[in-house]
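Here is the structure we will look at, set down as structure tokens.
Laboratory data are not the source of any read-out in this text; all were calculated from the coordinates shown. Bear in mind that the values here come from a model prediction, so they are computed numbers and not experimental data. Cβ: placed from backbone, ideal geometry, glycine included. Neighbour counts: every protein chain shown.
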Amino acid sequence: MSQPSGAYANGWAIDTPPVDLKSDNDYHPVFKAFLAGSFSGTFSTILFQPLDLVKTRLQNPSQHVVAATINSRIQPGMISIFMNIVRQEHIVGLWKGMVPSIARCVPGVGLYFSSLHWLKTKLGKTNLTALEAITLGVAARTMSGVALIPITVIKTRYESGVYKYTSLSGALRDTYRAEGLRGLSCGLGPTLARDAPFSGLYLMFYTQTKQAVPQEWLQAPATSNMIHFSCGVVAGIAASLATNPADVLKTKMQLYPEKFPNMLTALIYVHQTYGIQGYFKGAVPRMLRRTLMAAMAWTVFEEITKTIGLK
């Protein structure tokens, strides 16, 4: 039986010693981390999909928006887009793009957990410094981000309402036929510029905040869950705000690859059209989703790891 690997912190950060395998009959801890992460990702993805949908529509205001106009520019709000989706597409419309979201987030969270677990095992350290946390978070997210970029493209297009796909396989096939491999990987640069720093910053903020808390508070059953949750919220808000500009550029490039063939063209367009505030379109729903997903993923992950013997 393998030794306990400890607890994953808030679903996105590992703060535990490496694992020593003693029996070939046991499932490998990396595989267990993948399974637990995938299960936790399923619950959080389904629950918070509406926030991701609203975020995508906010970043693409020309589609399906009834909003006020300020200085001849459409200025949609989060609530107006939410109500517009319900009015035009009913409640079920809030979960549009669920299939590609599941196809991306579930294995993506699993790959992230397992990669992070493997990297930390190789590093052989219990407590990560700020630089180590950023490095490991960036490396783990880059691995999963590159592997799943085709699904990320389809997910964004599903949610935007610009493309009328009927199935995930059909969307992948149509995109490949029309745009080739370039189409299936468009927006990879800003996707990694968003996800990799987010994971690195999240892991850094989380581990550093947690290390500043008295250990007796973390060990006490009455306060440990609330402290983990609070550290996760702080980390999620800070990391989300820092990486939102890259998320805006990613959305533009994946929805209009012919208009925005690279990050620079998207960067210039957003600045000229919306100004600095344009880089923070969709920041509120994205921040809510990222932060709440981390808390949900941590809660579910903790329960699963107890069941399958990872901790």
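Take the cross-link list K120/K281; K32/K281; K96/K259; K32/K155 and give me the ones stretching past 31 Å between alpha-carbons.
K120/K281; K32/K281
Could you tell me which of V106, Y158, L131 has its Cα farthest along the dipole of the range 85-173 towards the positive end, charges placed at Cβ (Lys, Arg +1; Asp, Glu -1), taken about the Cα centre?
Farthest towards the positive end: Y158.
What trypsin sites (Lys or Arg not before Pro) does the range 89-122 have in DSSP loop regions with at most 13 other beta carbons within 10 Å?
none
Beyond 15 Å, what share of the Cα-Cα pairs of the range 165-257 is found? Please give it as a whole percent.
Across the range 165-257, Cα pairs with separations above 15 Å total 69 percent.
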